[in-house]
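Shown next, in structure tokens, is the structure this report addresses.
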Amino acid sequence: MPDETAAAPIERPHHEGLEARIADAITPTLEHMGYELVRVQVQGKERPTVQIMADRVDGTQFTVSDCENISHAAGAVLDVDDPIKGEWMLEVSSPGIDRPLTRAKDWNRYAGHVATLELNIPQDGRKRFRGVALGADAEVVRMRLEDGTEASFPRGNMRRAKLVLTDELIAASAAERGVPADDEAEPEAASPPPSKRN
């Protein structure tokens, strides 16, 4: 009989190409340390920047110390795995209030808030949509679009999605943390200046 008290597996965001290789390399270490990977993004060509965005598994507030811990651990893993030839930079941050929506749990947690979505392949003649997040499962995300219609989008066709910073989102985030909404203007936790790698 399965143990119902066992923790549910952590849902990992989908990445492709180089970003998938980096995510696959660092995710086991981050999860062992008590973090969930939210997104890996590589920007730039001459000296690329690897951006790692993560959450704490326990749901507590992400701090600069968390950024430093992840930066040291992920940097060590990537120095060994060596996915990028030549010099590169590493940045670590929390998702912030207007976070990217990369997992079903993000869509479900923030259902009722405004989001934007960009697709790889057009649907109904367009790639970009804005509306209220209605939730997601393993296959699709659902939104109520600005014209009032509801639409479903295959998760495999999502290029990027994120929350829109609204007064309602700020208030909900503040309530989650037990602080007045006026105090919620603090920036997302971000790592100290990016570390340079060779």
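The values are calculated or read from the model by the stated rules, or taken from the named source; none is laboratory data. Source: prediction; values computed, not measured. Counting neighbours? That spans all protein chains shown, and the Cβs are built from the backbone with ideal geometry, glycine included.
With respect to the conditions (1) surrounded by fewer than 13 Cβ atoms within 10 Å (Cβ to Cβ); (2) assigned to a helix (DSSP H, G or I), GLU46 falls short on a single one, namely (2). Pairs meeting the criteria (first residue in segment 52-69 and under 16 Å from PRO28 (Cβ atoms) and modelled with pLDDT of 95 or more, second residue outside any loop (DSSP other than H, G, I, E, B) and among the acidic types (Asp, Glu), beta carbons under 9 Å, at least 6 apart or on different chains) are ILE52/GLU91; ALA54/GLU36; ALA54/ASP66. Within segment 124-135, the set of residues being loosely packed, with under 15 Cβ neighbours inside 10 Å and either more than 21 Å from the chain's Cα centre (by Cα) or over 11 Å from ARG159 (Cβ atoms) (or both) comprises ASP124, GLY125, ARG126, ARG130. Among the criteria (1) crowded, with 16+ Cβ neighbours inside 10 Å; (2) modelled with pLDDT of 90 or more; (3) out of contact with any Pro (no Cβ under 9 Å at 6 or more places or on another chain); (4) not hydroxyl-bearing (Ser, Thr, Tyr), the one ARG197 does not fulfil is (2).
Just one residue in the set LEU37, LEU30, LEU90 is in contact with a Gly (Cβ under 7 Å, 6 or more places away or on another chain), under 20 Å from PRO100 (Cα atoms) and surrounded by 12 or more Cβ atoms within 10 Å (Cβ to Cβ); that residue is LEU90.
Within segment 63-91, being among the aromatic types (Phe, Trp, Tyr) and at positive phi holds for no residue.
Remark: pairs (first residue in segment 10-29, farther than 25 Å from GLU139 by Cβ; second residue small (Gly, Ala, Ser) and assigned to a helix (DSSP H, G or I); Cβ separation under 9 Å; 6+ apart in sequence or on different chains) = ILE22/ALA74; ALA25/ALA74; ILE26/ALA73; ILE26/ALA74; THR29/ALA73; THR29/ALA74; THR29/ALA76.
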